[in-house]
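Engineer: Can you keep this structure in mind? I'll have questions shortly.
The values are calculated or read from the model by the stated rules, or taken from the named source; none is laboratory data. Everything numeric in this text was worked out from a predicted model, so none of it was measured. Every residue, glycine among them, receives a Cβ derived from its backbone with ideal geometry; neighbour counts consider all protein chains shown. Calculation scope for accessible area: heavy atoms of the full protein, side chains included, ligands and nucleic acids excluded. Shrake-Rupley method; radii C 1.70, N 1.55, O 1.52, S 1.80 Å.
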Amino acid sequence: MQKAGILHIQRGFTLVEMMVTIAVLVILATVAVPGLQEYAVRSGMAAIRDDFAIALQRTRTDAISRNTCVSMCQLASGSTSACAPEAELGQWHQGWLTYVNDSCSGEVPVGGVSASDVISVRQPSNQRYTLDDNLKSGVVTFDARGSLVSGAATYGVKDSLDKDSKHARDIVVSKQGRIVVRLVQPSTGGSSDSKEGG
């Protein structure tokens, strides 16, 4: 008696099916990649903008709740308790330090900040997104009433690879301590309110 041969069926892709699949993937990638890049830029800039605006608001709230001056200074490179020296000022994307400032000085403290006075530390963010201030003061100080001791300032959030980015924003802090985030108009250089806190 003869045994019936076992029929083995080979399964797989044909060359045509594989070429069609690759073509579809290339089309999807061509459509999706620019959108993902735009999303990454928008998210990166929004992250540093929101972190800084929230840190300013928390510094102001801490000053009011502690009934003393509280300051926020630009963090010195490689430090967790020292404010940036004068040569590094104006680059808040390098990080910042929030601390109790009983002297109510609107100047960068010499010799660092006592560990017992440190409230919070924000380490450097993605260096592609810059956060610069117009005064290059390096410190923001709120008094017990929530007003600025150090004077009003504007902080610009920008994309270092795209100077005219539509996601650029200005964070404006008034003398009274009001914090407003404004959309920067690249063509005119002006700005308009887009969000405020206070």
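Engineer: Amide H of Ala84: which non-local residues (sequence gap of 5 or more, or other chain) have their own amide H closer than 5 Å, using H built in the peptide plane?
Structural biologist: Gln74, Leu75, Ala76
Engineer: Under 5 Å between amide H atoms, partner at least 5 residues away or on a different chain: which partners does Val149 have, H built in plane at 1.01 Å?
Structural biologist: HN-HN under 5 Å from Val149: Thr141, Phe142, Asp143.
Engineer: At 222 nm, what value in deg cm²/dmol follows for the chain if DSSP H runs of at least 4 each add -39500 (n - 2.57) and the sum is divided by all its residues, to the nearest 500?
Structural biologist: -10000 deg cm²/dmol
Engineer: For region 30-142, restrict the atom set to alpha-carbon positions and state the Rg and Dmax in Å.
Structural biologist: 15.7, 58
Engineer: Kindly rank 101-108, 14-21 from highest to lowest mean number of other beta carbons found within 10 Å of each residue.
Structural biologist: The most tightly packed comes first, giving 101-108, 14-21.
Engineer: Taking the Cα atoms only, what angle lies between the long axis of helix 15-66 and the longest principal axis of the chain, rounded to 10 degrees?
Structural biologist: The angle comes out near 20 degrees.
Engineer: Would you please report the Å³ per residue occupied by the convex hull of the alpha carbon atoms in region 88-164?
Structural biologist: 103 Å³
Engineer: In square angstrom, what is the accessible area per residue of region 1-100 with a 1.4 angstrom probe?
Structural biologist: 66 Å²
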